[in-house]
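The values are calculated or read from the model by the stated rules, or taken from the named source; none is laboratory data. Worth saying up front: this structure is predicted, and the values here are computed from it rather than measured. Because the Cβ atoms are built from the backbone with ideal geometry, glycine has one as well, and the counts that use them run over all protein chains shown.
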Amino acid sequence: MEKVRIGKLVNTHGLKGEVRIISDFEYKDKVFVNGNHLYIDNEELTINSYRIHKSFDMVTFKEYDYINDVLKFKGKNVYASREELNLKKEELLIEDYLNLKCIYNNKEIGYISDVITGSNRLFLINGKYIPFNEKFIEKVDIDKKEIHLKNLEGLI
């Protein structure tokens, strides 16, 4: 089973074992579903409830219903099973872009070594940052492990 990082459990909330997860994961609608599983420290947890509160994803687990039981997860990364997400072939995760061969004007220009997330997403290609958006992506071929870029005049 391949696990993907979806965020970090930053705190507890209330006495009934609810936790705050900070996440910029792009397919939250597929992760935070009652009955789905999350993984923290290789422990499989079943989502009992989900809600959004401010900038946090608030979750309770079927396995725990008291604050003292979930305190051990504070500060830990949270993972989901890629298989359980049921992503379509064209629905790519951030990590799917890493190490893709970059093609621009039919020439190989390097590989994606990092993806910077946040308000502005960026690819790092040969030490240069390229905006990660549809204006610069012509197509992605996961089978060939290639990404074809466009509109890079002045950026590389």
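Condition first: farther than 12 Å from R82 by Cα and not small (G, A, S). Now tell me which residues in region 20-40 satisfy that.
Within region 20-40, R20, I21, I22, D24, F25, E26, K28, D29, F32, V33, N34, I40 qualify.
Considering region 116-125 alone, what residues qualify as being touching a helix residue (DSSP H, G or I) at 6+ places or on another chain (Cβ under 9 Å), modelled with pLDDT under 90 and of a type outside the set (S, T, Y)?
R121
Regarding K74, is this residue in contact (Cβ under 8 Å) with a residue 24 or more places away in the chain, over 21 Å from L152 (Cα atoms) and of a type in the set (D, E, K, R)?
Yes, satisfied.
So which of K128, K101 ends up being modelled with pLDDT of 95 or more and charged (D, E, K, R)?
Criteria check complete, one pass: K101.
Name the single residue that is surrounded by the fewest Cβ atoms within 10 Å (Cβ to Cβ) among those in region 98-156 being among the small types (G, A, S) and closer than 27 Å to S23 by Cβ.
S119
Between G14, G35, which is surrounded by fewer than 17 Cβ atoms within 10 Å (Cβ to Cβ), farther than 22 Å from I116 by Cα and in contact with a strand residue (DSSP E or B) (Cβ under 9 Å, 6 or more places away or on another chain)?
That would be G35, the only listed residue that is surrounded by fewer than 17 Cβ atoms within 10 Å (Cβ to Cβ), farther than 22 Å from I116 by Cα and in contact with a strand residue (DSSP E or B) (Cβ under 9 Å, 6 or more places away or on another chain).
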